[in-house]
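A short write-up of the structure that comes next.
The values are calculated or read from the model by the stated rules, or taken from the named source; none is laboratory data. Since the structure is predicted, the reported quantities are computational estimates derived from the model, not experimental observations. Here the Cβ positions follow ideal geometry from the backbone for every residue, glycine too, while neighbour counts run over all protein chains shown. Just the protein is used for accessible areas: all its heavy atoms, side chains included, with ligands, DNA and RNA removed. Shrake-Rupley method; radii C 1.70, N 1.55, O 1.52, S 1.80 Å.
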Amino acid sequence: MPRISITVKNAIVYFFLLAFTSLVLGYSIYRISSNKILENATLSLNHNNESVVTQFNTFLEDIRRDIWFLSENPFLYAFLTNRNDQELKNNLSKELLSLLAIKKHYFQIRLIGLDQKGKEIIRAEKFIDSIGLVDNLHLQEKGERDYFRETIQLPKDSLYFSEINLNQEYGTIIMPMVPTMREAKPIFQNDKIFGILI
């Protein structure tokens, strides 16, 4: 068997040392890089999460302001005082339609009375290509809905926020499915519950 020269032995040893060092160094760089990537991804996710929470809270605050604005509207209380006055109802309806027109996330604003099993009095709605009022023949009774029953139990200056769920009409989920959150405020007339604004 031929003898391996010292030069070849040294070359083999250096090769293995170099390969081992490269592996250790490469693995260390990989671990450091992985940790850095995970750390950056975690920071980015936390930042995105905080941003979404802030946007959602701002959105909720905007809804609160809108429903307070509508609930304090002079047209509302003028209409409640004289519900047979069509001009007062038209003025209130225009207010609802105006707000609905500028708020892209809203698709209905309704005034629902306690009378007639919680029948809608005014419903402003976004349709496929327009915004308008639902005619009297198509106004619905909402007295059995959770949001109505819960809101009429609230004190005068309270607000109700529903869970986010799918919109239903006559017990059937509307297609296409639209995640829906409702905010409502009890409406009082002379310290007696009249109904809700939602």
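A compact table of results
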quantity	calculated
Degrees, to the nearest 10: 86-102 long Cα axis against longest axis of the chain	10 degrees
Estimated D of the chain in µm² per second, where Rh is the Kirkwood radius over Cα pairs and Stokes-Einstein applies at 25 °C, 0.890 mPa s	114 µm²/s
List Arg64, Arg83, ordered by accessible area with a 1.4 Å probe, largest first	Arg83, Arg64
Tensor-based shape of the stretch 105-167 (alpha-carbon gyration tensor, a/c under 1.5 rounded, otherwise prolate or oblate)	oblate
Interchain or long-range residues, amide H under 5 Å from Gly195's placed H	Leu114, Ile187
Theoretical gain in end-to-end length, Gln168 to Ala41 [0.36 nm per residue, Cα-Cα removed]	41.8 nm
Amide H contacts of Ile121 (H built 1.01 Å from N, under 5 Å, at least 5 apart or other chain)	Leu111, Ile112, Gly113
Residue-level accessible surface for Asp62, protein heavy atoms, 1.4 Å, Å²	50 Å²
Ellipticity estimate at 222 nm from DSSP helix runs (n ≥ 4, -39,500 (n - 2.57)) divided over the chain, nearest 500	-17500 deg cm²/dmol
Nearest-20 debye value, the chain charge dipole, Cβ charges on Lys, Arg, Asp, Glu	1020 debye
Packing-based ranking, highest mean first, of 29-36, 188-195 given that Cβ atoms within 10 Å are counted	188-195, 29-36
Overall form of the stretch 86-127 per C-alpha gyration tensor (a/c, 1.5; a/b vs b/c)	oblate
For the stretch 103-159, size of Cβ-based charge dipole, Lys and Arg +1, Asp and Glu -1, in debye	160 debye
Inter-centroid distance (Cα atoms) of the stretch 121-198 relative to the stretch 52-100, Å	13 Å
Residues Ser28 and Met181, FRET efficiency given R0 of 41 Å [Cβ-Cβ distance, rounded to 0.05]	0.25
